[in-house]
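Step one of this worksheet: look at the structure below.
The values are calculated or read from the model by the stated rules, or taken from the named source; none is laboratory data. Nothing here was measured: the structure is a model prediction, and the numbers come from that model. Ideal geometry is used to build each Cβ from the backbone, glycine not excepted, and the neighbour counts take in all protein chains shown.
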Amino acid sequence: MGENKLFDSKARSPWTSLEGVTRISLSPGKQEINGSITIPGSKSMTNRALIMSALAEGNSKLSGILKSDDSYWCIEVLKQLGIEIELQADIAYIKGNGGHLRSNNLYIGAAGTIARFLPGVLAGSREGEWRLEASQSMSKRPVAPLIDTLRTLGADISYLADKDYYPLGIKGTEMKGGEATLSGSISSQFISGVLIAAPYFKETTTVTIKDEIVQHAYVYLTLDLMKEFGAEVQYDHALQKIVINPQPFKAKELHLEPDVSAACYLWALAAITNGRIRINGLTTKTKQPDIHMLEVFEKMGCKVTREASYIELEGAAQLKGDFEISMKEMSDQALTLAAIAPFADGPVTIKDIGHIRHHESNRISAICEALTRMEIKTEEYDEGLKIYPGTPKPALLHTYDDHRVAMAFALIGSRIEGIQIDDPGCVSKTFPHYFELLEELGLEIVKEEIG
């Protein structure tokens, strides 16, 4: 893939698990996979709610927050901007200051949400000056669609190294607002980055999406949270036009629901081992798009029980294949489906995921590279791939500092002895205790420290 396999240690937070562990070997355990689990809060909701709470005037309380690298850097950045935040277990108490943010040099790690949400917030804060630096991997991901749009609305943002990439220099100004046109074809976070900042612009802001949105649900998640925090927004069902009035956020007490993306790995574990996993505190009322992965599991022969206080999945003795599926709206789970697809009874074709080539790694190539190492036949396309059934062979799999690559392909170790994952600590980006949880569920895990 031509990518650096070494991780960026600076981007790891004190909440990182597995410090010093460079490799993990996974093998099937002797017990059946059977668990009732409570998982951390949604990454997407945690960072959105933290930023909105910081911008609000007054005291907010967020319970059920995710404690991971991404949320750590979000909290650290907000503190450096002058926001008072107190943590007690998974509860955050935030004293917002109405958008008056302290000048500082800021490091945001590899958190894509902060990289996309913070520039507009800082640019519209009327005064102050900031330098924003990101991790090595985040600095390879273009932010031009966002920066171009913010500039049309009055932002003073400059590139401090390569054009279109981090690091950024930002000067606070009174942003007028007005009309803006934006692409949603690379990342829905670009849209959310404009929306979250817009209540603090001088005039009403109208955002028109000029093409498709790769994941509508995450924009809806942003809009729903903005309304929870008192913003005035109007939009059409297709999200082609979104109108945000100047109306600052109001402080809020909020409980954040569990992270559905994290839950999917555990349901997938049950799916390929003919086991059973119950995720507590999660319902199908969630707006998180990865909840639709349940329908994929059902298509493959699993049994899903949806109740008011939990969702449970029971696996199948033989998973079903012979289908093709668009994963555009839940593309984070393309890796999960790819990891379990070899165990199906027919090929699985995943479509409409070309945009994940621009995530933490080139995820389509990462999937094909990993499966090929395990001698599973794949066909790679520009916008997707096809995976054929087979018995994976033990192999050392590279993670490319990508948490979802590590979490997805670790699942194969529940069926095949001796699957090795390099740099397993990258899972701390969103799920620091993932491997400890797999061990509790019965997988045999050997940790290696290689100097």
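Just a few scattered comments:
- Qualifying residue in region 350-361 (condition: acidic (Asp, Glu), touching a Ser or Thr at 6+ places or on another chain (Cβ under 8 Å), buried (at least 21 other Cβ atoms within 10 Å of the Cβ) and farther than 18 Å from Ala270 by Cα): yes
- Of the residues making up region 364-375, those that are buried (at least 24 other Cβ atoms within 10 Å of the Cβ) and either over 18 Å from Ala395 (Cβ atoms) or among the β-branched types (Val, Ile, Thr) (or both) are Ile364, Ile367.
- Verdict on Ala344 being modelled with pLDDT of 95 or more and touching a Phe, Trp or Tyr at 6+ places or on another chain (Cβ under 6 Å): no
- Criterion: among the polar types (S, T, N, Q) and at pLDDT 95 or above - qualifying residue of Ser192, Ser183: Ser192
- Remark: pairs (first residue in region 358-382, within 21 Å of Ser185 (Cβ to Cβ); second residue basic (Lys, Arg) and not in a helix (DSSP H, G or I); Cβ separation under 7 Å; 6+ apart in sequence or on different chains) = His358/Arg141.
- Those residues of region 326-342 which are surrounded by fewer than 18 Cβ atoms within 10 Å (Cβ to Cβ) and within 14 Å of Leu385 (Cβ to Cβ), in sequence order: Ser326
- Among (1) more than 24 Å from Lys79 (Cα to Cα); (2) surrounded by fewer than 15 Cβ atoms within 10 Å (Cβ to Cβ) - the single one Leu153 does not satisfy: (2)
- Residue list for region 228-238, restricted to those being modelled with pLDDT under 95 and in contact with a strand residue (DSSP E or B) (Cβ under 7 Å, 6 or more places away or on another chain): none
- The requirement of being at pLDDT below 95 and surrounded by fewer than 17 Cβ atoms within 10 Å (Cβ to Cβ) is fulfilled nowhere in region 112-122; no residue meets it.
- Enumerated helices (runs of 4 or more DSSP H) restricted to region 68-166, each holding at least 3 residues that are more than 30 Å from Ser17 (Cα to Cα) and in contact (Cβ under 8 Å) with a residue 24 or more places away in the chain: 112-123, 144-152
- When Asp164 is tested against (1) more than 21 Å from Arg357 (Cβ to Cβ); (2) within 22 Å of the chain's Cα centre (by Cα), only condition (1) is not met.
- Any hit, region 384-403, residues being in a helix (DSSP H, G or I) and within 23 Å of Leu443 (Cβ to Cβ): yes
- Applying the condition of being more than 21 Å from Phe435 (Cβ to Cβ), modelled with pLDDT of 95 or more and small (Gly, Ala, Ser) to region 34-57 and asking which residue is surrounded by the fewest Cβ atoms within 10 Å (Cβ to Cβ) yields Ala56.
- Some residue of region 258-266 being outside any helix (DSSP H, G or I), more than 22 Å from the chain's Cα centre (by Cα) and closer than 27 Å to Ile39 by Cβ: no
- Looking across region 404-436, just one residue is aliphatic (A, V, I, L, M) and assigned to a loop (DSSP other than H, G, I, E, B), and that is Ile416.
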